[in-house]
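Read through the structure below, which is laid out as structure tokens, and then see the notes.
What follows draws every value from the coordinates through simple rules; no lab data is involved. This is a predicted model, so every value here is computed, not measured. No Cβ is skipped: glycine too gets one built from the backbone with ideal geometry, and neighbour counts run over all protein chains shown.
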Amino acid sequence: MSSLLVSSRGARVVMAASGRGRSVAIASPFSYPGRWRDGRGHIERSSLPCPLIAQRGPCTIEPQHFAESESPALSSVAFSRQEGEAKCGEAEMSSPDDYRGPKFVGIMGHDNVSHNGSKTTVYFVQVQVPEGMFIVKHRYHEFKDFHDKLSSEGYRCPALPPKKFLGSFNKEFIEKRQQELANWLHLLCQFDPASGNSDPRTSELFKEFMLTNKEPLEKYQGTKAISYDATPPTSQSSEDETSMYNTPKTSLDDFELLKVIGKGSYGKVTLVRKKEGKRLFAMKSLNKSNVKRRNQVEHTRTERRVLGRAKHPFIVHLHYAFQTSQKLYFVLDYCPGGELFFHLSRMEKFEPSMARYYCAEITLALEHLHDLGVVYRDLKPENILFDSVGHVLLADFGLAKEGITDGAEAVDWWAMGMVLYEMLTGLPPWYTRNRQKLFDRVRNAPLTFPDDVDPVARDFIGGLLRRDPIKRLGSKSADEVKNHPYFSGMSWQDLYDRKIPPPFNPCAAAGNAEETKNFEAEFTKMQINSVENSALGGVRVSDASRPSMTFQGFTYNTPNDLSMSGSVGRG
């Protein structure tokens, strides 16, 4: 199975595949710039978006490229030239949208009650059915019984959060448990038709869990038990959708927009300053209509969920998420060091010690994602960011997949091998601008290295780039990667604790924290008022329109964003 970087008519394509005949990784739904070498050998990047959608199930680029049974399972890509712009045909992911049963919306709150003389916590599960929104109350042991019964009937279920006997009524624990149970139900509802498994939502057990003793949502609106962030009351006027979606804590008005630092096919990334506290953040804004039109709703939901779950020093931290009637907003760590791609394109290649350091931090980040049951599927230089002192942070999780095991993580180790090869040599392996030749090289050509790449690094990259994912380094666990001689002498705990100084500080010459020298001038010169014009000052929608339920549960506020592990700028 293989993954490759392709430059074709200015559009860069990344393909990767895992085992069991399933294609698992394609492109970023937010920004996927093209990349190629100019006549002087420097890396150039196209601003043309290339929105590919991940597809599940075996397929090929073209039959003549991969015709044999052992060929890599790759997503189909169709290139066309229209008015000088390279466009990529979209291969839509199999979707269970034809499901018509009860739909899980979120866990909207909790309450401590007495049951049979004992104190217990009940969680308020919000369910959507054709006749409206309802609340079903469940205790933890009912989640456990539901999980066990599904498993006994042969349904594949994600792991349920374990029971805790001590501190079970601690406020922080209950809020964490509520989020864990919500994540579990979200994963359970993410049925993939290509998996060959049965959809648990069609079972009588699912219907019983979601509908037994259901009560109208209106009964609980405004009570202390319900603390939902993004559930619009069904009886409320829809004139101002903004007021329905945003919590009083966070909205666009809480931020000062400073400068555009990135742009993609669905929106922009803006450097912002929170008015209270003056802290800098990166605000990623997505246009809802574009997200829906390009079938990116589920990718956006996935990114929101993964960002809410992943807490790691080398993964971008989500601080806030909110929405208006027209836009979705992610408020993330501001990474003033910019993209790894930005610096690699200027240095042409990195010193071996630099590449090893960054690869080690990436390894820890991938290990954390895999421990969460998340496959990243979009590791590339554009998605590896630097904080203010030079640590790397992974970003952009729209293509991630949750609840996938069975060796699918191997695709991320392949991608890391691709990135490391490029850091050491300045080009991806098997590089050529000829698309057909590149496909053939990836499938058949041996992996070769420039003379200055040492033997240990060659062996390490070769292990990561094994075409058979079962034999690929890391296919069994991240420990395979960490224990390779390439990382000999690495103190993984010190690295995780950020005690090992980065080899390069991209912000060393910055005059102030707001300087954006590590971002492309084509972005930073954009007019700031083009980032959000309709949402400033509030948004009104027509009286006839109804608030969209598409992005329910999107809103997010970090309990303590200043103390969260991985915040940018920490030494």
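Charging the Cβ of each Asp and Glu at -1 and of each Lys and Arg at +1, and nothing else, the dipole of the range 103-213 about its Cα centre rounds to 360 debye. Look at the dipole of the range 103-213 built from charges on Cβ: of 169, 143, 127, the Cα furthest out on the positive end belongs to 169.
Within the same chain, lysines fewer than 8 places from residue 401 are excluded, and of the rest, those with a Cα less than 21 Å from its Cα are 103, 284, 292, 311, 380, 476.
All other residues whose Cβ lies under 14 angstrom from that of residue 114 are scored, Lys and Arg at +1 and Asp and Glu at -1, for a net of +2. A straight line joining the Cα centroids of the range 138-190 and the range 418-449 runs 44 Å. Here the residues 324, 212, ranked from fewest to most Cβ neighbours within 10 Å of their Cβ, fall in the order 212, 324. Our note on the geometry: Cα centres of the range 314-349 and the range 381-414, 13 Å apart. Taking other Cβ atoms within 10 Å as a rough exposure proxy, 279, 293, 472 sort from fewest to most as 293, 279, 472. By definition, a body whose alpha carbon gyration tensor gives a ≥ b ≥ c is prolate when a/c is 1.5 or more and a/b is larger than b/c, and the range 103-213 fits this prolate description. Taking the square roots of 5 times each eigenvalue of the Cα gyration tensor of the range 368-449, largest first, gives ellipsoid semi-axes of 25, 19, 11 Å.
Listed from fewest to most Cβ neighbours within 10 Å, the set 471, 349 follows the order 471, 349.
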